[in-house]
Amino acid sequence: MKTKLLVGAAIAAVIPTGAMAQRLPATVTAVVNTDRVLRECTACVAATNALQAQDTNFQQRRQTLLAPLQTEEQALQAEVTRIQSLSGAARTTAENALRPRLEAFNQRRQSAAQELQTLQQNFESTRVHVTVQLNRALEPIYNQVMTARGANLIISTDARLGNSPALDVTNDVLAQLNRSLPAVSVTPLPQQAAPAQPAQPQPQQPRPQGR
């Protein structure tokens, strides 16, 4: 116990008195309705409409691909049931005739699944790309608004239970975002370029031997 007290006393002796007495500045808080910003900003409205259009196109393409496959699957299942009632050479002939149809159906189903998966991944990547662009633009805007309003802390309305309307800087943030980012790219995230591969040494060509 004495050892701990001595260590504490040594640390206290090293710390300047002024540092111990230093106080944090009084908190001046600003509040921003981030939901409203992301709902009403010019780029946000356009991006939301574009994403909704992409989702509609995805659903239509999904229906276009899957509806014929469902019809074909029912027809194949009916044929399988019919073949099971056969026997002998008739069954063998029917099974041989059905096999290419089943293989073609499985290929079309796999191709449709791959296409839909790619479309879904592109949609999710696009949605993330929009969010990244907005967050990147908003970060400096928050700091600018705090400085302009004399605040040293800004919080979202999601993180507070109540506040005076005078603390709300949503309009300031919204106006600056519309000026600095009037539009965003509604495309999948850019793919990072693969690292350049080192040049492979070229094999030496054999020299002709003297005769």
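Per residue of the range 131-143, in order, report the coupling 6.51 cos²θ - 1.76 cosθ + 1.60 (Karplus, θ = phi - 60°) as ³J(HN,Hα) in whole Hz, putting x for Gly and Pro.
Karplus values, whole Hz, x for Gly and Pro: 4, 4, 4, 5, 5, 5, 6, 6, 4, x, 5, 4, 5.
Between Leu102 and Leu69, what is the spin-label point distance in nm, taking each point 7 Å from the Cα along the Cα→C-beta axis?
1.8
Roughly speaking, what % of Cα-Cα pairs in the range 25-180 are separated by over 23 Å, rounded to a whole number? Mind dumping the intermediate values first?
Values: 7364 of 12090 pairs.
Tail of P(r) above 23 Å: 61 percent of Cα pairs.
Quick check: residue separation of Ala113 and Thr56 times 0.36 nm, minus the Cα distance between them. What number comes out in nm?
Extra length from Ala113 to Thr56 when fully extended: 18.8 nm.
Once amide H atoms are built 1.01 Å from N in the peptide plane, which residues 5 or more positions from Leu189, or in another chain, come under 5 Å H to H?
Amide H to amide H, under 5 Å and 5 or more residues apart or across chains, Leu189 pairs with Thr126, His129.
FRET efficiency for Ser156 and Arg23, Cβ-Cβ distance as r, R0 = 30 Å, nearest 0.05?
Efficiency at R0 = 30 Å is approximately 0.65.
Bear in mind that the values in this text are calculations on the coordinates, not laboratory data. Because the structure is a prediction, the values reported are computed rather than measured. As a convention, Cβ positions derive from the backbone with ideal geometry for all residues, glycine included, and neighbour counts pool all protein chains shown.
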